[in-house]
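S.K.: Shown below is the structure under consideration.
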Amino acid sequence: MARRNIFRITALIVVLGVCAGGTIAFRGAGRWLVREDVLGPADAIMVLSGSMPARAEEAARIFRMGYAREVWVSRPEGPAAMLAQMGIRYQGEEDYNREVLIHEGVPEADVRIVPNVIINTEQEVEEVASEMRREHMARVIIVTSPQHTRRVKALWRMLVGENPQAIVRGAPQDTFDADHWWRDTRDVYSVVREMMGLLNAWTGLRVRPHSG
């Protein structure tokens, strides 16, 4: 009887430990996704697509601090071709980001939209690295949302390596609440998306982007 009670108590302790660990891991998932680098001088600042206008605002702030001489903006896929067939003019996200940068004090001549259309972060990383190598640049500051920083760093390490280098920064203007992410549907979606994206990166990018 005593041995059975010891077994039950041990099992209960294990279950409680697992539950406590799971709760801690669940609550800490948002904070775990945030992994920024220390700012340093770079050749350019890159604004990743999404979360307008927060990322462009932070890129402009970093530019005004003198860390780089120009700001790049990615060109995400959009419905421009389909809308053009209807006679509707489409202004892409890159245009709005460009306007935000100029509004926030970046000279128009120092804003550059990268040429190729991208679908996802993987392609953005490859596009930035390609442009840097073409321009013989050594370092870029990549501005994204805080919860996106860990995945950007993982993709850069996988697809680019250490040359050229990337400093990854999260835009504090983004409304993501890393400490209470489960309270907001947008934040929940962000955490799930980032976790799935990291899993895809860790397994060799087996899930490919849609083809349009």
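S.K.: Given the structure, is Ser74 within 14 Å of Ile141 (Cα to Cα), polar (S, T, N, Q) and surrounded by 13 or more Cβ atoms within 10 Å (Cβ to Cβ)?
M.R.: Yes: the conditions hold for Ser74.
S.K.: Given the conditions (1) in contact with a Leu (Cβ under 7 Å, 6 or more places away or on another chain); (2) in contact (Cβ under 8 Å) with a residue 24 or more places away in the chain, and given that Arg112 satisfies all but one, which numbered condition is not satisfied?
M.R.: All conditions pass for Arg112, except number (1).
Every residue, every condition in (1) among the charged types (D, E, K, R); (2) part of a loop (DSSP other than H, G, I, E, B); (3) farther than 24 Å from Gln165 by Cβ, yes or no:
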position: Ser49; (1), (2), (3): no, yes, no
position: Arg61; (1), (2), (3): yes, no, no
position: Ser74; (1), (2), (3): no, no, no
position: Gly87; (1), (2), (3): no, yes, yes
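S.K.: Please enumerate the residues belonging to region 27-73 that are out of contact with any Gly (no Cβ under 8 Å at 6 or more places or on another chain), among the charged types (D, E, K, R) and more than 16 Å from His148 (Cβ to Cβ).
M.R.: Within region 27-73, Arg27, Asp43, Arg61, Arg69, Glu70 meet the criteria.
S.K.: Moving on to the next point. Do we have Gln147 as touching a helix residue (DSSP H, G or I) at 6+ places or on another chain (Cβ under 7 Å) and within 22 Å of Ile62 (Cα to Cα) here?
M.R.: Yes, satisfied.
S.K.: Considering only residues that are free of Cβ contacts under 8 Å to residues at least 12 places away in the same chain and either surrounded by 15 or more Cβ atoms within 10 Å (Cβ to Cβ) or assigned to a helix (DSSP H, G or I) (or both), which ones fall in region 175-212?
M.R.: Listed by number, the residues that qualify are Arg183, Thr185, Arg186, Val188, Tyr189, Val192, Arg193, Met196, Leu199, Asn200.
S.K.: Return the residues of region 168-212 that are more than 22 Å from Met46 (Cβ to Cβ) and among the hydroxyl-bearing types (Ser, Thr, Tyr); say none if nothing qualifies.
M.R.: If the condition is that a residue be more than 22 Å from Met46 (Cβ to Cβ) and among the hydroxyl-bearing types (Ser, Thr, Tyr), then Thr185, Tyr189, Thr203, Ser211 are the ones that fit.
Only the coordinates and a few stated rules stand behind these numbers; no lab work does. These numbers come from a predicted model, not from an experiment. Neighbour counts run over all protein chains shown; Cβ positions are idealised from the backbone, glycine included.
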